[in-house]
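Single-structure report; data block below.
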Amino acid sequence: MDLTKFCWTREPESCVVLEDRVEIVTKAHTDLWQRTYYHFQNDNAPVFQMETEEEYFSFVVKTEFEESHHRFDQCGIVMYLDSENWLKGSIEYENEEYQHLGSVVTNHGYSDWATTQIDAGVKSMWYRFSRRQDDYCIECSVDGVRFQQMRICHMQEGKGTICFGIYACSPEDSSFKAVFSHMQMTECQWKAHDGQQPDGC
């Protein structure tokens, strides 16, 4: 991908952008979350995105986070439209035993969080983010070849021009280096549904 087409929403204090990779060193107390359950609003994580009007595409990236070590350290894919409308997919470190592989979808100022526990020894993950108009799919892969579905969602403000890319943050008193590579934008790999017909058909 041409990373010159990407721009920062809140540039990190420390980062390296090369032709084939991006490295972000997170700052403590940075996060993305809106209201639900915790009742706070966190909107200060660095986000590196590009803009597109393309309604059908997939975006693939490999993430590496060997240094993540503190609760909620995270990095992954993001579609950040504004402070109250965005989604993200990532691994969030929890403790020496396990971490959370999951996604957050935020519509009109309220976030949800869907997760599954994975081993704390996992230190890299591929993600594939796909768009079909205003519906979206997040997938993950350990090898960049076989992807598994994490989430299908609808974004209330997800029509027309959007921005998508990568993010990294450390919500608590921590910092780590996140490395992003193998980024590519392809034809939509999330195929049209060909099973059960809609009601009334």
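Points worth noting:
- Of the residues making up the stretch 128-174, those that are closer than 20 Å to N107 by Cβ and either in contact with a Leu (Cβ under 6 Å, 6 or more places away or on another chain) or part of a strand (DSSP E or B) (or both) number 20.
- Qualifying residue in the stretch 54-69 (condition: closer than 15 Å to Y136 by Cα, outside any strand (DSSP E or B) and not basic (K, R)): yes
- Where a residue in the stretch 110-136 is closer than 17 Å to F147 by Cβ and its partner, wherever it lies, is open to solvent by 40 Å² or more (accessible area, probe 1.4 Å) and among the acidic types (D, E), with Cβ under 7 Å and at least six apart: S124/E64; R131/E55
- Of all the listed residues (V25, V47), the sole one being aliphatic (A, V, I, L, M), in contact with a strand residue (DSSP E or B) (Cβ under 8 Å, 6 or more places away or on another chain) and within 30 Å of C188 (Cβ to Cβ) is V47.
- Screening L18, L81, L101 for residues that are open to solvent by 10 Å² or more (accessible area, probe 1.4 Å) and free of Cβ contacts under 8 Å to residues at least 40 places away in the same chain leaves exactly one candidate, L18.
- Residue list for the stretch 86-101, filter: farther than 19 Å from D43 by Cβ and touching a strand residue (DSSP E or B) at 6+ places or on another chain (Cβ under 9 Å): I91, Y93, E94, E97, Y98, Q99, H100, L101
The values are calculated or read from the model by the stated rules, or taken from the named source; none is laboratory data. Here the structure is a predicted model, which is why all the values come from computation and not from measurement. Methodologically, a virtual Cβ is constructed for each residue, glycine included, from the backbone with ideal geometry; neighbour enumeration extends over all protein chains shown. Surface areas here come from the heavy atoms of the whole protein model, side chains and all, with no ligands, DNA or RNA. Shrake-Rupley method; radii C 1.70, N 1.55, O 1.52, S 1.80 Å.
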